[in-house]
Amino acid sequence: MGTLFCDRVRAIAGVVFQVVLGIVKDAVRQGSTRLFMRMHVLMLIAVLVLVSVFAFGIGHSRAEAMTCPRHSLPQYHGQCAALATFLPGLVVVALWGALESPFALILALDRLAETPLSPLAAAEGHFLTAEIQALAAGHGSRKDPALMMAAQHYAELRQTGFVLMAVLAVGASLGGWALAWRRLTPACRARNSIEHALKIFMILCATLAVLTTVGIVVSLVFESWRFFNHVSLMDFLFGLEWSPQMAIRADQVGASGAFGAVPLFAGTLLIAGIAMMVAVPVGLFTAIYTAEYAAPRFRALVKPLLEILAGIPTVVYGFFAALTVAPFLRDTGAALGVAISSESALAAGGVMGIMIIPFVSSLADDVMIAVPKALREGSLGLGATRSETIRHVVLPAALPGIVGGILLAASRAIGETMIVVMAAGLSAKLTANPFTAVTTVTVQIVTLLVGDQEFDSPKTLAAFALGLVLFVATLFLNVIALQVVRRYRQQYD
Amino acid sequence: MTYRASNDPPHGTVGAPRVEAARAKLTACNVDVFYGEKHAIKDVSLDIGRNEVTALIGPSGCGKSTFMRCLNRMNDIIDICRVTGTITLDGEDIYDPKIDVVHLRARVGMVFQKPNPFPKSIFENVAYGPRIHGLASGKAGLEEIVLTSLKRAGLLEEVKDRLHAPGTSLSGGQQQRLCIARAIAVSPQVILMDEPCSALDPIATARIEELIDELQHNFTIVIVTHSMQQAARVSQRTAFFHLGELIECGMTEQIFTNPLHRLTQGYLTGRFG
Ligand SMILES: Nc1ncnc2c1ncn2[C@@H]1O[C@H](COP(=O)(O)OP(=O)(O)OP(=O)(O)O)[C@@H](O)[C@H]1O
Ligand SMILES: [Mg+2]
């Protein structure tokens, strides 16, 4: 097996070598510095991989050759050696990637400061960096000699820096390999080390997700804070008028925009509420039917069909709502003597409700199917009817999952934009009347940001504040959901 | 020497699968059960006597549970299961389309092989049956039923301070007794018990056996058990199943002292099964 393995390693090494050769040839042919640089990094990483593959193969066969009882299987020793080889090199590359460009820029700017600048260049200090980088990459437009020189210096710095780093990286790799070589004894707990390395890798992945969230929240909070420098928090949260269009001249009507978000919150709640009133009962009863009454074959057919509902693009729902449902509602209303405007919360909410039915029905169906058969039999065996069994035994046992599905549907309804834009209009009116046009938080975020906008006007910043509110609201929903689920888990597990 | 009942002689079964018509609570005639293609019960004819305990014994997988589940039509729930033949309760065909299954199951209660308490409190578990059948008058009446049922199942002492704790928080044996309490709370006429003592310690087992002795004056009981001693202790009649067939049936004393069929002999002396 050992020789077979070595053969495989040799084959892989051959392939990697071919790839590296290809990259080098490409890089030479292309000639562009930037590309060359990037290719260099790729190549370097390929070299590191190659070395690690060798380290793996050699570690593996050395462990295989051990006669005394060894702690771990050869494959773990091999993996350990490969990791010990690859990671130090990778760390060096990553550090260089993060630090070298700014560092080289600083040096290049220093050089620029020594030479007398043309007054034009001095005036726009912060454009210089971009200009230098562009020139170094060979497509800058300004042929100022001082700049050219700085750019050349920058490019040279990067070249030498890269060579230095490459040597360092390969050195670190080989050092890691040497360490691994010395550690490769029968007593070495390679298996545990690999376990540990995997754990750290997973922690890194989880951290990435958390950090992204934190980053989004921080930027939301920061931009919102800038918004609240213009508009007071109280006015925003409790103001009853929303008209963010700021006039260009001070003497025009609506010279200062009004940023009272209450009509938006009300509109969002109204539409999401209508959607939930459609989706929850229909979804729940559908789920009860498919999980408890329908024949298995019927269920297998209907469930995927229903789930298609959630897969239809929302814009399709949007024009369905705007072109079919809304006129139908208006005409029906007219026939009954009720004034229903042709853009109404009812149309948007109703269609949205149809869209989110599968969120409720599919999840509820899954959790109800998962309720143990023995519980149903226990209830039926006591002489309960099917619906009594469902009401008293199946639904309570499935409640956490059902609540989860409903809240998922709710956050989807709150976040939905397209249907509302198309069917419910843009007018921020404070009303509880579902027959009139309303607007929602998400729609206003879109309208605030489309088109050419100054980035620090209150109008644009208001989008961030709205986003923050939306975020807090969904967070709140999720917390409630978790609470409900936990309460029932504690009680019934 | 084989004895055959005069009415409807079941071929293959030795002993006395029939009792006098007046004493029969449940009567099964030529019952076959299929799970899809699998023939799980083969032409079984058996009487369950009124106010007595009938024990079903036999090796694992021989169809004891399956036969028992036919008696209150629990097999209806299993899609692939098909039952033929007739079973009557007090002379009334329980597979008649006109029969109300729900009402039937209220009269023929069941304790399952695996304890299956509802995800509710201990109190609610026992109160469940009386509630849906409207057996209790008022809150006090319901409490009365719950407490006596728990007491008869020998569980009251252990749970009386935590009636509102979840039923699933009990130990396996306690859960089994909870299920027994739940079944007797609706006062069925027939109680089917599928290995009710399989998870119980000797003391709790003795309590359940006492309960069975006590119940048999007013109720008809069918019990599946793998303990020969238990079958001998609690039952008046015993039926021995093997590979879906009813091999032998008769008075418990006779079966245990003088089995007629060599399969019965083999099973009782532990030579197989
Ligand atoms: N739901 C089912 N679907 C298919 N086959 C089943 C089903 N339930 C039972 N069977 C089959 O029917 C036969 C009888 O099963 P049953 O549960 O009645 O045995 P048992 O005598 O109660 O055994 P045990 O003493 O182990 O409980 C077994 O062979 C089993 O595989
Ligand atoms: Mg069984």
- Identify, among A:Asn192, B:Leu135, B:Thr220, the residue whose Cα sits farthest towards the positive end of the charge dipole of the protein assembly as shown, taking +1 on the Cβ of Lys and Arg and -1 on the Cβ of Asp and Glu, with the dipole about the Cα centre. A:Asn192
- In the neighborhood of A:Gly57, defined by Cβ-to-Cβ distances under 9 Å, what is the net charge if each Lys or Arg adds +1 and each Asp or Glu adds -1? +2
- What angle, in degrees between 0 and 90 and rounded to the nearest 10, separates the Cα long axis of helix A:262-288 from the longest principal axis of the Cα atoms of chain A? 80 degrees
- Computed about the Cα centre, the charge dipole of chain B from +1 Lys/Arg and -1 Asp/Glu charges at the Cβ has a magnitude in debye, to the nearest 20, of 260 debye
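Per-residue mean of other chain beta-carbon atoms within 10 angstrom of the beta-carbon, peptide A:371-380? Present the calculation step by step, with values, prior to reporting the outcome.
Numbers: counts 1, 3, 3, 6, 4, 2, 8, 13, 7, 9.
Counting Cβ atoms of other protein chains within 10 Å of each residue's Cβ and averaging gives 6.
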- Message: Run lengths n ≥ 4 of DSSP H only: what is the helix-derived mean residue ellipticity at 222 nm for chain A, with -39500 (n - 2.57) per run over all residues, to the nearest 500?
- Response: -26500 deg cm²/dmol
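Fewest Cβ neighbours within 10 Å first, please rank A:Tyr289, A:Tyr317 accordingly. List each step's numbers first, then the result.
Numbers: A:Tyr289 15, A:Tyr317 22.
Ordered by Cβ neighbours within 10 Å, fewest first: A:Tyr289, A:Tyr317.
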- Query: Considering amide H positions built from the backbone, and no H for Pro or chain starts, which residues 5 or more places from B:Gly85, or on another chain, come under 5 Å of its amide H?
  - Reply: B:Asp32
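Give the order of B:Ser171, A:Ser224, B:Ser235, A:Ser361 when sorted by the count of other beta carbons within 10 angstrom, beginning with the fewest. List each step's numbers first, then the result.
Values: B:Ser171 12, A:Ser224 22, B:Ser235 26, A:Ser361 30.
Least to most surrounded, the residues fall as B:Ser171, A:Ser224, B:Ser235, A:Ser361.
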- Item | Likely footprinting exposure, B:Phe112, A:Phe54, fewest C-beta neighbours within 10 Å first | A:Phe54, B:Phe112
- For peptide B:114-127, compute the average count of partner chain beta-carbon atoms within 10 Å of each residue's beta-carbon. 4
- Message: Can you classify region B:16-268 as rounded, prolate or oblate using the Cα gyration tensor, where a ≥ b ≥ c are the square roots of its eigenvalues, rounded means a/c under 1.5, and otherwise it's prolate if a/b beats b/c and oblate if not?
- Response: prolate
- Task: Only Lys, Arg, Asp and Glu count, each charged at its Cβ (+1, +1, -1, -1), so figure out the dipole size of region B:102-168 about its Cα centre, rounded to 20 debye.
- Result: 260 debye
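About the Cα centre of region A:220-361, what is the dipole size in debye to 20, counting +1 per Lys and Arg Cβ and -1 per Asp and Glu Cβ, all else neutral? Walk me through the numbers before you get to the answer.
Details: 6 positive and 8 negative charges, 88 e Å.
It works out to roughly 420 debye.
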- Sort out the exposed loop GluC sites (Glu not before Pro) in chain B (DSSP loop, at most 12 other Cβ within 10 Å) and tell me the longest stretch that has none. B:38-273
- Message: Using the Karplus curve 6.51 cos²θ - 1.76 cosθ + 1.60 with θ = phi - 60°, what ³J(HN,Hα) values do you get for each residue of region B:211-218, in whole Hz, with x for Gly and Pro?
- Response: 4, 4, 4, 5, 5, 5, 5, 10
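Where in region A:151-253 are there trypsin sites (Lys or Arg not before Pro) that are in a DSSP coil and have at most 11 other Cβ atoms within 10 angstrom of their Cβ? Show your work: numbers first, answer last.
On the way: sites: A:Arg158, A:Arg182, A:Arg183, A:Arg189, A:Arg191, A:Lys199, A:Arg226, A:Arg249; in loops: A:Arg189, A:Arg249.
Of the trypsin sites (Lys or Arg not before Pro), the ones in loops of region A:151-253 whose Cβ has at most 11 other Cβ atoms within 10 Å are A:Arg249.
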- Query: If amide H atoms are built 1.01 Å from N in the plane of the peptide, which residues on other chains or at least 5 residues away come under 5 Å of the amide H of A:Lys429?
  - Reply: A:Thr439
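Taken together, the values in this text are just the output of simple stated rules run on the coordinates, not laboratory data. What you see is a predicted model, and the numbers here were worked out from it, not measured in a lab. Counting neighbours? That spans all protein chains shown, and the Cβs are built from the backbone with ideal geometry, glycine included.
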